[in-house]
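K.L.:
My questions will all concern the structure given below.
The values are calculated or read from the model by the stated rules, or taken from the named source; none is laboratory data. All figures in this text were calculated on a predicted structure; none of them were measured in a lab. Please note: Cβ atoms are built from the backbone with ideal geometry, for glycine as well, and neighbour counts cover all protein chains shown.
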Amino acid sequence: MQGHGQTRQQENQEPARGQALPLAPDEPGRHARWAAAGRQVYARAARAAGAAGRALSRAREQLLPSACVLCGTVQRHVVCTPCAADLLRPVRRCTVCALALGRHRHCPACAASPRAFDHAHTLGDYAAPQDQLVLALKFGHALPLAAWLAARLAEGLPGAWAVARHAAPDLIAPVPLSPQRLAARGFNQAWEIARPLARRLGLHTDPVLLQRQRDTGSQRALDLAARQVNLQGAFALTRAMRLDGLHVALVDDVMTSGATLHEAAAVLKARGASRVSVIVALRTP
Ligand SMILES: [Zn+2]
Ligand SMILES: [Zn+2]
């Protein structure tokens, strides 16, 4: 019995580095012990690789130069500190649609078009030069920009929610692309922003909460009324489910007129969502 006890104790002990495993070739149970020892070796290797990866990532950020997407200055980040400060300078915005209000006391965009969403947050205006943040992400496949935008959004959102006096959303979801657009681009820029954003904020996310039923094409040439007609029935929930009482946040790269986000938010509200917030990297002024 004592021998059996020692064997079990040995099974639970991690072999010392460089020490041969105490296994006789014909010892019963050696395959199980080899497997356990192998798992421990792999676990150690995975821990070491994870630590090395994090150290490499920090070293790359510290040492390797990067050209700022907006001004080209060679420094350490995808966007340099002065350009980031320009983008993030505080601007008085409509709390519902994030339009920069300028001299307006009330939002002309919300007066012209009621919104199905309740609150919107953005980093800045979709205007030169900072429109390059989205253009380089979407059309230049500069995916690190999505993580950078998500990090800046995550810094500002808790304060924005506190000002709006509501809690963080229960669920974060991206505005979906049509299957054709997704296949052509290879990624959904809204999801590339939403995923690291949810991780930073510790919130649940669902990449396929909504689906786009059809490709609505470019809406650039359409006025607001034509956009709303064009978007009718464009979105649906992917699964038969209710969202009763939930606060859902929709993420997109840019809000232009707000027609797309209105239509998507209306679908969520029709399924019971009590509140819909909008989080966009940039907002057309
Ligand atoms: Zn710059
Ligand atoms: Zn507004």
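K.L.:
Tell me, please, whether a residue that is out of contact with any His (no Cβ under 9 Å at 6 or more places or on another chain), of a type outside the set (Asp, Glu), in a helix (DSSP H, G or I) and closer than 23 Å to ASP244 by Cα can be found in region 184-194.
P.N.:
Yes: region 184-194 contains one or more residues that are out of contact with any His (no Cβ under 9 Å at 6 or more places or on another chain), of a type outside the set (Asp, Glu), in a helix (DSSP H, G or I) and closer than 23 Å to ASP244 by Cα.
K.L.:
Is it the case that region 126-141 has a residue that's within 16 Å of ligand 2 (Cβ to nearest atom) and under 22 Å from the mean Cα position of the chain (by Cα)?
P.N.:
The answer is yes, given that some residue of region 126-141 is within 16 Å of ligand 2 (Cβ to nearest atom) and under 22 Å from the mean Cα position of the chain (by Cα).
K.L.:
Report, ordered by the first and then the second residue, all pairs with beta carbons closer than 7 Å, sequence separation of six or more or different chains, a first member in region 175-186 that is closer than 23 Å to HIS262 by Cβ, and a second member that is in a loop (DSSP other than H, G, I, E, B) and at pLDDT below 95.
P.N.:
Filtered contacts from region 175-186: SER178/ARG214; SER178/ASP215; GLN180/ASP215; ARG181/ASP215.
K.L.:
So how many residues does region 101-129 have that are in a strand (DSSP E or B) and more than 16 Å from ligand 1 (Cβ to nearest atom)?
P.N.:
The qualifying residues number 5.
K.L.:
Report, by residue number, each residue of region 80-100 that is hydrophobic (A, V, I, L, M, F, W, C) and not in a loop (DSSP other than H, G, I, E, B).
P.N.:
Answer for region 80-100, where residues must be hydrophobic (A, V, I, L, M, F, W, C) and not in a loop (DSSP other than H, G, I, E, B): CYS83, ALA84, ALA85, LEU87, LEU88, ALA100.
K.L.:
Please count how many residues of region 151-164 are assigned to a helix (DSSP H, G or I) and either surrounded by 15 or more Cβ atoms within 10 Å (Cβ to Cβ) or in contact with a strand residue (DSSP E or B) (Cβ under 7 Å, 6 or more places away or on another chain) (or both).
P.N.:
Selection size over region 151-164: 7.
K.L.:
Got a sec? Which of VAL267, VAL248, VAL229 is assigned to a strand (DSSP E or B) and either among the aliphatic types (A, V, I, L, M) or in the same structural domain as GLY140 (by TED's automatic domain parsing) (or both)?
P.N.:
Just a single option satisfies the conditions, and that option is VAL248.
K.L.:
Next question, about the same structure. Has region 144-163 got any residue that is in contact (Cβ under 8 Å) with a residue 60 or more places away in the chain, over 16 Å from SER277 (Cβ atoms) and acidic (Asp, Glu)?
P.N.:
no
K.L.:
Being out of contact with any strand residue (DSSP E or B) (no Cβ under 9 Å at 6 or more places or on another chain) and either part of a loop (DSSP other than H, G, I, E, B) or of a type in the set (Val, Ile, Thr) (or both) is the filter here, so list the residues in region 195-224 that pass it.
P.N.:
Answer for region 195-224, where residues must be out of contact with any strand residue (DSSP E or B) (no Cβ under 9 Å at 6 or more places or on another chain) and either part of a loop (DSSP other than H, G, I, E, B) or of a type in the set (Val, Ile, Thr) (or both): GLY202, ARG214, ASP215, THR216, GLY217, SER218, GLN219, ARG220, ALA221, LEU222, ASP223.
K.L.:
How many residues are polar (S, T, N, Q), part of a loop (DSSP other than H, G, I, E, B) and more than 10 Å from ligand 1 (Cβ to nearest atom) when one looks only at region 66-79?
P.N.:
0
K.L.:
Does ARG227 count as in contact with a helix residue (DSSP H, G or I) (Cβ under 6 Å, 6 or more places away or on another chain) and over 19 Å from ALA167 (Cα atoms)?
P.N.:
The answer is yes for ARG227.
K.L.:
Taking region 165-203 on its own, how many of its residues are surrounded by 14 or more Cβ atoms within 10 Å (Cβ to Cβ) and under 20 Å from ALA273 (Cβ atoms)?
P.N.:
Summing the residues that are surrounded by 14 or more Cβ atoms within 10 Å (Cβ to Cβ) and under 20 Å from ALA273 (Cβ atoms) in region 165-203 gives 17.
To keep it simple, each residue is scored yes or no on (1) in the same structural domain as LEU250 (by TED's automatic domain parsing); (2) within 14 Å of ALA281 (Cβ to Cβ); (3) surrounded by 21 or more Cβ atoms within 10 Å (Cβ to Cβ).
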site: PHE117; (1), (2), (3): yes, no, yes
site: ALA128; (1), (2), (3): yes, no, no
site: LEU133; (1), (2), (3): yes, yes, yes
site: LEU137; (1), (2), (3): yes, yes, yes
site: PRO144; (1), (2), (3): yes, yes, no
site: LEU149; (1), (2), (3): yes, yes, yes
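K.L.:
So if I check each of PRO82, PRO90, which one is within 16 Å of ligand 1 (Cβ to nearest atom) and either assigned by TED's automatic domain parsing to the domain that holds LEU261 or free of Cβ contacts under 8 Å to residues at least 12 places away in the same chain (or both)?
P.N.:
Residue meeting the stated conditions: PRO82.
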